[in-house]
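Just below is one structure, and these are the notes that go with it.
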Amino acid sequence: MKTLNTQVAIVGAGPAGLLLGQLLARRGIDNVIVERASGDYVLGRIRAGILEQGFVELVREAGAASRLDSEGEVHEGFNISVNGKQERIDIARCTGGSTVVCYGQVEITRDLMEARSAAGFETFYESAVTEIRSVESNKPSVMFQHEGEDYELNCDYVAGCDGFHGIARQTIPAEKRTEHERTYPFGWLGLLSETEPVSHEIVYCKSERGFALASKRSSTRSRYYLQVPLAEKVEDWSDDRFWSELKKRLPLACAERLQMGPSLEKSIAPLRSFVCEPMQYGNLFLVGDAAHIVPPTGAKGLNLAASDVATLYRLLVRRYSKDDAKCLAHYSEIALRRVWHGERFSWWMTNMLHQFGDVDVQGMNGSTLSRFMDSELSYYLGSEAGHRVMAEQYVGLPYEDIDCALGAA
């Protein structure tokens, strides 16, 4: 068995793990990343790409924002269409100038990979983590296999950035964690195409036929989604069927601009809300999807992972620069405050924009819930104050100041 030593072991080389590693390394904190998949597989994960300003600033701090700054598209608003009537939420005006940036998660991951490689920081790809040991001690370790050999990675702290199905959360004893979960009675059927987007800004569409979303990856690549029952299968949806149904759910102006072409990728994703409390156990810290999942309505998943990274990064800097190990005990409570705000916003947007049919939801018939949500959406879209509420949450609540948060603890 080979033995390695580092200060922070990071399990998972998605954008959260890579961003944390890059930030720590630039502050002189040694770290090693272990990822079960290959680098090519990680880059093949097609995900959303609406980035809050806080995330953008973190990538700049990590020294990996060159392409993001040159190629990312600034969005000053988003659109909600209800039965064909479109309303724009001017987030820049409603928030005093705050915006979001459209830049694909795959591109963020590639930029961070290249920055880490160029700096010579260590990453083990295609390395299965078999166990995370002794996280209640001052010397935890990560056991993994790489190229047929067993490794023991000794460290001060472990960051679990390995997703919902990873080993990190399962390392916390079941009796020590509480898991909150809500599943939705529908999924999103997504299609990626090499076609010009119907709109520069995202369009959320609510119709009697169900929800649809028109988004973009670039000026020549579009991503569209349709609400479908969970029982649906991808193979039952030909490209022609998808385009036909999408056109019926889009507002007329978008439908007239819709360019149809062969799908580059097509998949169905179930929707769920999930939070694990606490987000830490001993010297193990959960980050991103390892601790929480949100439905994609509202574009909070990747951004909540970034806020976890920001919190853990700043606490680790304080720990090593000020020899303050006790500050890390507050990671979970600080991170969870923002997580629950993001969970609530995603849940709220999902409830307002989707059709629930006759499925019982939250103790009431789905059609009754839809009536309440129709009224709520009408109020918020018809009110300047309602626009501000949506805009402030869409651009992302500010990250907590760590020193202030610790002072109040």
TODO: Being surrounded by 18 or more Cβ atoms within 10 Å (Cβ to Cβ), in contact with a helix residue (DSSP H, G or I) (Cβ under 8 Å, 6 or more places away or on another chain) and closer than 30 Å to Lys248 by Cα narrows it down to one of Ile91, Ile132, so name that one.
DONE: Ile91
TODO: Can you work out which of the residues in the stretch 180-212 that are acidic (Asp, Glu) and over 18 Å from the mean Cα position of the chain (by Cα) is surrounded by the fewest Cβ atoms within 10 Å (Cβ to Cβ)?
DONE: Glu208
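Taking the stretch 217-242 on its own, how many of its residues are surrounded by fewer than 18 Cβ atoms within 10 Å (Cβ to Cβ), within 17 Å of Trp188 (Cβ to Cβ) and out of contact with any Phe, Trp or Tyr (no Cβ under 8 Å at 6 or more places or on another chain)? Before you say what the answer is, go through the steps one by one.
Taking the stretch 217-242 and keeping what is surrounded by fewer than 18 Cβ atoms within 10 Å (Cβ to Cβ), we get 218-221, 229-236, 238-241.
Among the residues that remain, those that are also within 17 Å of Trp188 (Cβ to Cβ) are: 229-236, 239, 241.
Keeping just the survivors that are out of contact with any Phe, Trp or Tyr (no Cβ under 8 Å at 6 or more places or on another chain) gives 231-236, 239, 241.
Matching residues across the stretch 217-242 total 8.
Of everything in the stretch 189-236, what is of a type in the set (A, V, I, L, M, F, W, C) and closer than 14 Å to Leu264 by Cα? Give them in sequence order. Before the answer, list the steps.
Start the filter on the stretch 189-236 by keeping residues that are of a type in the set (A, V, I, L, M, F, W, C), which leaves 189, 191-192, 198, 202-203, 205, 211-214, 226, 228, 230-231, 234.
Selection gives Leu189, Leu191, Leu192, Val234.
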Task: Test for Arg371: is it basic (Lys, Arg), surrounded by 18 or more Cβ atoms within 10 Å (Cβ to Cβ) and either more than 22 Å from the chain's Cα centre (by Cα) or farther than 19 Å from Ser273 by Cβ (or both) - done: no
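Every residue, every condition in (1) crowded, with 19+ Cβ neighbours inside 10 Å; (2) acidic (Asp, Glu); (3) over 25 Å from Leu43 (Cα atoms); (4) touching a residue at least 60 places away in the same chain (Cβ under 8 Å), yes or no:
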residue	(1), (2), (3), (4)
Gly77	yes, no, yes, yes
Val101	yes, no, no, no
Ile108	yes, no, no, yes
Ser127	yes, no, no, yes
Asn138	no, no, yes, yes
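Against the condition farther than 27 Å from Phe124 by Cα and at pLDDT 90 or above, how does Ile50 come out, does it pass? Spell out how you get there, then give the answer.
Numbers: farther than 27 Å from Phe124 by Cα: yes; at pLDDT 90 or above: yes.
In short, yes.
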- [ ] Could you figure out which of (1) modelled with pLDDT under 95; (2) touching a helix residue (DSSP H, G or I) at 6+ places or on another chain (Cβ under 8 Å); (3) among the charged types (D, E, K, R) isn't true of Glu35?
- [x] (1)
Task: Single residue of the stretch 317-355 satisfying the filter (among the aliphatic types (A, V, I, L, M) and surrounded by fewer than 22 Cβ atoms within 10 Å (Cβ to Cβ)) that is farthest from Asn31 (Cα to Cα) - done: Leu336
- [ ] Go through (1) in contact (Cβ under 8 Å) with a residue 60 or more places away in the chain; (2) of a type outside the set (Phe, Trp, Tyr); (3) over 17 Å from Val8 (Cα atoms) and name the single condition Val34 misses.
- [x] (3)
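The values are calculated or read from the model by the stated rules, or taken from the named source; none is laboratory data. Keep in mind the model is a prediction, meaning the values are calculated, not measured. Don't worry about glycine lacking a Cβ; one is built from the backbone with ideal geometry, like all the others, and counts go over all protein chains shown.
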